[in-house]
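These notes concern the structure reproduced below.
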Ligand code: AMP
């Protein structure tokens, strides 16, 4: 049975099940969308859907989609809407999305946002989306992007400047050598920021205009950002349900 946000479960237990519905995490490359999505996923038990992760999985799996996307990703440009929308539509058919999900890195264009609105309107039993944007200064973003490393095995995320592993370039948890995304260079970052300003910033205005939008300060400690994002979702959901 679906349980509204903040209501107690019908089984009479004391546990409060949060049903956040679709949550969009917006923000420039490097603001921490992935880190925050993982934290919320752990807290609320809803999946993170990262279009970047799905695309990278296709690239490493050598699929047709991956082959088409690789060069685009490496230039810091956007994969065509039709391809990404189809990926998302497919992922949203999975049953684990029933009580909500965190979309990380989607929508990134007005076309994707409008497609998502239409797609959700056409689905039954779906709450409307709420959008939270994380804001971080340009200088900080550059450090976060060029210092970012990940563990290819357990997917932990590090930053050689801000959150280094105990041993240089080695995962603390499983000893695997850390990897760097091919698009996390300074030159590609600059192109990704240009793409963000011209194509993705209007998405923020789209959700702001719908009154389902809040912005949080992404330069606080990670836990404080998580708490701020979750509080924003609950506030928005309280008025948007
Ligand atoms: P991310 O991991 O979210 O930083 O995404 C990495 C790259 O994947 C982006 O720079 C784009 O090339 C591509 N990508 C991810 N999400 C999208 C999207 N919603 N629309 C188009 N391209 C995307």
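Within the group 54, 102, which residue is within 13 Å of the ligand (Cβ to nearest atom) and assigned to a strand (DSSP E or B)?
102
Hey, among the residues in the stretch 98-109 that are within 22 Å of residue 133 (Cβ to Cβ) and over 12 Å from the mean Cα position of the chain (by Cα), which one's surrounded by the most Cβ atoms within 10 Å (Cβ to Cβ)?
This residue is 100.
Step by step: first the residues of the stretch 57-66, then only those that are surrounded by 15 or more Cβ atoms within 10 Å (Cβ to Cβ) and more than 10 Å from the ligand (Cβ to nearest atom), then the one that is nearest to residue 155 (Cα to Cα). Which residue is that?
This residue is 58.
For the subset of the stretch 185-195 comprising residues that are within 29 Å of residue 153 (Cα to Cα) and within 9 Å of the ligand (Cβ to nearest atom), which member is surrounded by the fewest Cβ atoms within 10 Å (Cβ to Cβ)?
The qualifying residue surrounded by the fewest Cβ atoms within 10 Å (Cβ to Cβ) is 191.
Does the stretch 131-152 contain any residue that is more than 12 Å from the ligand (Cβ to nearest atom), touching a residue at least 24 places away in the same chain (Cβ under 8 Å) and within 18 Å of residue 46 (Cα to Cα)?
Yes - at least one qualifying residue is present in the stretch 131-152.
Return yes when residue 113 is within 12 Å of the ligand (Cβ to nearest atom) and surrounded by fewer than 13 Cβ atoms within 10 Å (Cβ to Cβ) and no when it is not.
Criteria not met by residue 113.
Kindly establish whether residue 45 is touching a strand residue (DSSP E or B) at 6+ places or on another chain (Cβ under 6 Å) and either within 27 Å of residue 190 (Cα to Cα) or more than 9 Å from the ligand (Cβ to nearest atom) (or both).
Spelling it out, it is not the case that residue 45 is touching a strand residue (DSSP E or B) at 6+ places or on another chain (Cβ under 6 Å) and either within 27 Å of residue 190 (Cα to Cα) or more than 9 Å from the ligand (Cβ to nearest atom) (or both).
For residues that are under 30 Å from residue 80 (Cβ atoms) and modelled with pLDDT of 95 or more, tally how many sit in the stretch 153-179.
Here the count works out to 1.
Going by the structure shown, is residue 81 modelled with pLDDT of 95 or more and within 14 Å of the ligand (Cβ to nearest atom)?
Yes: the conditions hold for residue 81.
Can you tell me how many residues within the stretch 84-96 are within 23 Å of residue 199 (Cα to Cα) and either touching a residue at least 12 places away in the same chain (Cβ under 8 Å) or within 11 Å of the ligand (Cβ to nearest atom) (or both)?
5
Can you tell me which residue among 69, 39 is in a helix (DSSP H, G or I), within 11 Å of the ligand (Cβ to nearest atom) and in contact with a helix residue (DSSP H, G or I) (Cβ under 9 Å, 6 or more places away or on another chain)?
69
Can you tell me which residues in the stretch 116-159 are crowded, with 17+ Cβ neighbours inside 10 Å and closer than 25 Å to residue 234 by Cα?
Correct list: 116, 127, 129, 130, 131, 132, 133, 134, 136.
Kindly indicate the residue of the stretch 16-36 that is in a loop (DSSP other than H, G, I, E, B) and within 14 Å of the ligand (Cβ to nearest atom) and also farthest from residue 146 (Cα to Cα) among those meeting that condition.
27
The values are calculated or read from the model by the stated rules, or taken from the named source; none is laboratory data. The structure displayed is predicted, hence computed values, not measured ones. For neighbour counting, all protein chains shown are included, and Cβ atoms are generated from backbone atoms with ideal geometry for every residue, glycine included.
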